[in-house]
Amino acid sequence: MYQRFSLKAKLTMAKELVPLRPLSTNERVYYRDELRAARYAALADSESFTEICFVIEALGLRLLGRQEAMGEYKKRIAECAQVSPLFGDLPRLFPATFKTFDALYRTVKQARNDAMHTGAYARHATGAAIELCIGLEEALMMNGKPDVGDVMVKSPITVDPWQPVAHARQLMLMHSLSFLPVYLDNSWHLVSELGLARYLNVSVNKKAERLGKSIAAAVSDGMELKDVRPEAILSATDSTGKALAAVPGQDGPTLWLVVETLQIDGKDQTRLAGVLSPFELM
């Protein structure tokens, strides 16, 4: 029997028939990195939570296969998110600590549509967006065991030996860094917050003088650098288990350096491809 459908019904059926194309490993890493970058931006400025919304919408567009409003992406994103323990039993077992995916998504969607993005309202929306991000980042990386290259921080912040101590100090304060990699005397070292604090714990005039010294000159003048042990230098294809096994018994701050060797003008040159801290492995 011939059956007629209204235009609205046809559009509804067309929307429901869009198949889900699974995310590839590279796509999972890409969206995880985008969520992480947006989360860091929101932590620095609570009114920047819309950066998280943009990434969530981009992920929703990829999963749904067509452009829609944020609310229309919820079902497909929820399917992706359900593998994260943060959206599983934890909200049921600890309701005062963990919010459900539905609650977080609803808050972020509502804030996305509102114009009031300041003060306490913005902080509340940002908190929900950050929690949603953390759960989604974990869910995206639950598909298999990632390598170091999948979880490392790419394009790391570094300093060169000729740059002044003041520049290193500024970078560490601006980005809340505990370590800054520096390639000095043909090997990698770390400028540490403790070493820098000790070096600058002098009189006002002496401090001004030391801030103007180059990193190399400051090291010659007694500034401490943290040596990078060979086992803490990794490649992107190493397992995260190898990274954790490389520092047995170490309870203090740790930073792994991820390096790659490139052929430039017929010579091997080492480049810092990324850094990895326990923070990324949690």
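The values are calculated or read from the model by the stated rules, or taken from the named source; none is laboratory data. All values derive from a computational prediction rather than experimental measurement. All Cβ positions, glycine included, derive from the backbone under ideal geometry; neighbour counts span all protein chains shown.
Annotations for the structure displayed:
- Neighbours by Cβ (under 7 Å, 6+ apart or cross-chain): first from region 126-138, modelled with pLDDT of 90 or more; second outside any helix (DSSP H, G or I) and of a type in the set (D, E, K, R): Glu131/Lys99
- When region 61-102 is filtered for residues that are over 25 Å from Met282 (Cβ atoms), aliphatic (A, V, I, L, M) and not in a helix (DSSP H, G or I), only Ala69 remains.
- Residue among Trp162, Trp188 that is of a type in the set (Phe, Trp, Tyr) and buried (at least 18 other Cβ atoms within 10 Å of the Cβ): Trp188
- Scanning region 157-183 for residues that are closer than 13 Å to Leu257 by Cβ, part of a strand (DSSP E or B) and free of Cβ contacts under 8 Å to residues at least 60 places away in the same chain yields Leu180, Val182.
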